[in-house]
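Step one of this worksheet: look at the structure below.
Nothing in this text is a laboratory measurement; each read-out follows from the coordinates by a stated rule. The structure presented is a predicted model; accordingly, all values stated were derived computationally and were not measured.
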Amino acid sequence: MSSDVRLPHWPAWLEEARQMLDRDFRERLTTAHIARTVGVHPVYLAQMFRKHFACGVIEYIARRRIAYACRELRNSGVPIADIAIAAGFYDQGHFSRTFKRILGITPSVYRRRHRPRADS
């Protein structure tokens, strides 16, 4: 067996939960639903998730949604309100507040700074 193969240092159920969040982050997910799906108590899921991934379940979802939104802001001309909904946020206001909390700038400023420039 190769010694350069790295396995996660967390239980399989926790990896299943993380993969579920990575796949379904745009859906309406709750810690209770995720815990039920992987077969553990919600409090235990929250504790283990924070221990192994250095953030809570809800924060992890928010970061995944913001990463998705950043790709859309850079690569499309879709209105910010539509990106917010597509990313899984309830409305543009909630999206903008979360975006600014995580990245320190608003979505519109991010888009201006990161859109490809047309050659003049």
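With all pairs of different C-alpha atoms in the average, the Kirkwood value for the hydrodynamic radius of the chain is 16.0 Å. Averaging 1/r over every pair of different alpha carbons in region 53-94 and inverting the result gives a Kirkwood radius of 10.7 Å.
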